[in-house]
1. In whole Å, what is the distance between the alpha-carbon centres of segment A:5-48 and segment B:50-111?
2. Work out the length of the dipole vector of the protein assembly as shown about its Cα centre, built from +1 on the beta-carbon of each Lys and Arg and -1 on the beta-carbon of each Asp and Glu, and round it to the nearest 20 debye.
3. Just to compare against my own numbers: the Cα pair-distance distribution for segment B:5-239, 10 Å bins, whole % per bin, please.
4. Can you name the residue in chain A whose Cβ lies closest to the A-to-B rotation axis, and give that gap in whole Å?
5. Kindly sort A:Glu155, A:Glu14 by accessible area of their heavy atoms, largest first, with the probe set to 1.4 Å.
6. Rank A:Asp178, B:Asp171 by accessible area, highest first, at a 1.4 Å probe radius?
7. More than 15 Å apart: what percent of Cα pairs in segment B:97-154 qualify?
8. When the Karplus curve 6.51 cos²θ - 1.76 cosθ + 1.60 is applied with θ = phi - 60°, which whole-Hz ³J(HN,Hα) does each residue of segment B:88-105 get, with x for Gly and Pro?
Number of protein chains: 2
Amino acid sequence: MRDKRNINVCFSPELFPLFSDGKKIVVVVDVLRATSVISTAFQYGIKDVIAIQSLEEATKYKGEENCIVAAERNAEALEGFDYGNSPFQYMNDEIKGKTLVLTTTNGTRAINMAREHIVITSSFVNFNAVCNFIKNREEDVLIFCSGWKGNFNMEDSLFAGKLSDKLLNSDNFQSNCDSALASISLYKSAKDDLFSYLENSAHRNRLKHLNMEPDTRFCLSPTFESDIVPILKNGKLIRHEK
Amino acid sequence: MRDKRNINVCFSPELFPLFSDGKKIVVVVDVLRATSVISTAFQYGIKDVIAIQSLEEATKYKGEENCIVAAERNAEALEGFDYGNSPFQYMNDEIKGKTLVLTTTNGTRAINMAREHIVITSSFVNFNAVCNFIKNREEDVLIFCSGWKGNFNMEDSLFAGKLSDKLLNSDNFQSNCDSALASISLYKSAKDDLFSYLENSAHRNRLKHLNMEPDTRFCLSPTFESDIVPILKNGKLIRHEK
């Protein structure tokens, strides 16, 4: 019998090379807000998502048919682009069947760093679907927090704790990773009220300043659940077909 | 009036460039065991400590008069060196007035990375002395966890939480750093019994395997307190003179 499957948590893109092996399932997390946006867009019928790191490259898609180009830097939408990084913008029928080209400060960077692996994206919106996806596979798992400009952030780490805890509570997983243990401890301290727990976190303060409290509330406690797992294939995130 | 002094926590050497500004007080932490060893050695009368990253360079000091050369890699002492990385080895009169040349897996790397700053080393052995040192200065503070081979580790993060919490409870400090918030939350979950809390941590398991449980107990809950703050001057850690 095979050993149990390992769970690791990577707290930031700067640490990713320490975990990268080309074999693991990498679950990219950017709770505020890229991976919450991606889940929301899929739920509202987007066909696929091209996650791009550079603004210049994203700009090339402007004006293309059936293409929505969205850009965010430092938590703000950028002028001249169709959409920004708020999940509410994607809750409409206009996006159905289209391609979303998305560039953000942290999340799209993480997706691209991990591209030699099996990459899926997760958020509180599709938490259960991601758990089921992972349980039905056999690879080790890396939960990859997008962080903030290369550094640790609180919200992604809390999500990593929820996911690690859920997987470790089933029989087939183990962890010898201090980041996983720490994220679980943080999640247990926070889970009764994530919103209040994040009150003093750095990114929540950034969004508060920009009047994005409704976005934060939605991303931490979504009003719907999505059973779609976005998976990276040939450079595009598409729905994973069960 | 000047703004409050900022406290940041850096969880690993890989993240240090994000915090480095040449101005902060950098408190280097390697609880298991380099900075605990350094505190212990000063308490037992060592004159100064040269923290060296490479084994080759440390080797050059072998045979020098009044010099103790100590080397550790992957938690094990290395053959051919006078001392290893256990604090108990330093609790003797032989070390009095001598220079300790020390190279370890993580701690000595962190000390060298930070050398353009005001660098002090800390552990549970000299916790209060370090608090007082910091309070008597004016610079911002970075608590720099040595981690494990570039990655986050639990024990240094717990220490960072204890120190951040203590400083933030006095009037002159503030933090907008998620790593500091997280470390405080972890410390509060762990503080009633650090030893048990670390039961499943990765490095504790390494030391357990190597029969170094007494070292771990001492480093988490030292049998004496030192009022010495080691500070880096001209490439050597010396006692800070009050």
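The values are calculated or read from the model by the stated rules, or taken from the named source; none is laboratory data. Not measured: the values here are computed from a predicted model. For neighbour counting, all protein chains shown are included, and Cβ atoms are generated from backbone atoms with ideal geometry for every residue, glycine included. Ligands, DNA and RNA are excluded from the accessible area calculation, which covers all protein heavy atoms including side chains. Shrake-Rupley method; radii C 1.70, N 1.55, O 1.52, S 1.80 Å.
1. 42 Å
2. On the way: 58 positive and 64 negative charges, 2 e Å.
That gives a dipole near 0 debye.
3. Using 10 Å bins, I get a P(r) of 8, 36, 38, 15, 2 for segment B:5-239.
4. Closest to the axis: A:Glu14, 3.
5. On the way: A:Glu155 0, A:Glu14 60 Å².
The most accessible residue leads, giving A:Glu14, A:Glu155.
6. Values: A:Asp178 10, B:Asp171 120 Å².
The residues order as B:Asp171, A:Asp178, largest area first.
7. Numbers: 982 of 1653 pairs.
It works out to 59 percent of all Cα pairs.
8. 5, 4, 9, 8, 7, 7, 4, 8, 4, x, 9, 9, 9, 9, 10, 10, 9, 5
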